[in-house]
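The values are calculated or read from the model by the stated rules, or taken from the named source; none is laboratory data. The shown structure was predicted, so the numbers you read here are calculated from the model rather than taken from an experiment. All Cβ positions, even for glycine, are placed from backbone atoms using ideal geometry, and neighbour counts span all protein chains on display. When the accessible area is computed, the model is the full protein with side chains, heavy atoms only, and any ligands, DNA or RNA have been set aside. Shrake-Rupley method; radii C 1.70, N 1.55, O 1.52, S 1.80 Å.
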Amino acid sequence: MRTYHPWVLIVYAAALAALLFLRPWYGWTLRAWLAPLSTRDTDSAGLAAANEALKAELAQVAKVAAELPQASPHYLRAMVYSRYPFNFKNELLLNVGSSEGVVTGHAVTFQGILIGRVSRVFADTALVQTVFDSDFKLPVRIGAGGYDALIVGGAYPKAESIVKSAALHAGDVIYSAAPGLPYGLPVAEVVSTSTSPDNLFIQADLSFAYDLNTVQTVLIAQ
Amino acid sequence: MTRKFLLAFLALSVSLVLQAWLAGAGIFLDLSFATLIALAFFLDFLELLTLALGVAFVLNWQPAPSATLAFLAGYPCLIHLLYRLAPWQIWIMIPAAIVVGFTALLFVAAPGSFAAAPGLFFGDLFAGILFGYLAFFSLARA
């Protein structure tokens, strides 16, 4: 038997809808708080627990400081606000937007490695489509030979459309060669190669020098 | 609050926390969506709508409307209405609604992602059905 008035739920629903549209960052904060990277203290039972939390926060700040690259005037530093929550895409929301001069299509790097491109810009935030997004495509070159290829994103990104005569080796660096992006930004390394399903090209499996789930600060090329 | 609503809130909270925790480790499962679909068979429309908006609020990732989130909140409400119109065996309808919902969510969000890694989708679907049944068993006795 119902023991509350339906208006209570209507008020709750309206409040949630208002928060969703007007104050979405509260939701991002809540989700970040639920994630394992979070170090916020929810248990104030004792000083020992608080001390542990402070140590963890200190470690997190040190990690962020270590991640901060040498910013040049051509790059804008940004923090990761939020992440796409499903496995269909791979996007990051950054804390800088059009008011800081961010423009769609700009390269986003982590420790000097290209991790994605700005796909959408808002007033104070920007959405980044990462290399691990299934719609991500990027013209690149591989190794000292400079063989042309196309990186196709996804959970397991590949370099495709490589000419069969290319002499590729494990460890060859893949770097950006796309219009609108800085030339020569490292993206990944070749792990192994195989023939494409249509038997016309070579494709390469890639390895990445970072774990995207732990990335907290990035640079945006200006 | 009714006992059923509190149980539903608890089940959804558990799935949301687990989903966020796993996502932080790089494992993306739509547990809260599956739980919402299962709850659609037990809750009143207003109760379901409130919980669906709560999930959308927590899972939102950008300061703009999103078709993905609209579907995530709207699909369980649609299932609720369909079930009211044509009630049938819940234990069969839950996995069927989850399979249809997950597939439709894939096409709403990014259909290309299926070809890139079909195993991820089927793993997500399996975990979703499992969580849907967990929610079903939790609420069936309430």
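Tally Lys and Arg at +1 and Asp and Glu at -1 over the other residues with C-beta under 15 Å from the C-beta of B:Ala140: what net charge comes out?
+3
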Next item on the list: Considering the options A:Leu76, A:Ala149, A:Thr130, tell which one lies farthest towards the positive end of the dipole of the range A:71-222, charges being +1 on Lys and Arg and -1 on Asp and Glu at the Cβ, about the Cα centre.
Entry: A:Leu76
Next item on the list: Can you tell me the order of A:179-185, A:113-119, A:19-25 when each peptide is scored by its average per-residue count of other Cβ atoms within 10 angstrom, highest first?
Entry: A:113-119, A:19-25, A:179-185
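How much of the accessible area of the protein assembly as shown, probe 1.4 Å, is carbon plus sulfur, in whole percent?
In the protein assembly as shown, the share of accessible area belonging to carbon and sulfur is 66 percent.
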Checklist line | Rounded to 10°, Cα long-axis angle of helix B:3-24 versus longest principal axis of chain B | finding: 10 degrees
Margin query: Among A:Ala107, A:Ala159, A:Val96, whose Cα projects farthest towards the positive end of the dipole of the range A:71-222, with charges put on the beta-carbon of Lys, Arg (+1) and Asp, Glu (-1)?
Written below: A:Val96
Next item on the list: Using only Cα atoms, tell me the angle between helix B:67-85 and the longest principal axis of chain B; keep it within 0 to 90° and round to the nearest 10.
Entry: 30 degrees
Item checked: Residue-averaged beta-carbon neighbours from other chains (10 angstrom radius) around B:108-120 -> 5
Next item on the list: Would you kindly derive the ³J(HN,Hα) couplings of the range B:49-59 from the backbone phi angles with the Karplus curve 6.51 cos²θ - 1.76 cosθ + 1.60 (θ = phi - 60°), listing them in order in whole Hz, with x for Gly and Pro?
Entry: 4, 4, 5, 5, 5, x, 5, 4, 4, 6, 8
Next item on the list: Please give the FRET efficiency for B:Ala115 paired with A:Thr214, using the beta carbon to beta carbon distance and R0 = 30 Å, rounded to the nearest 0.05.
Entry: 0.60
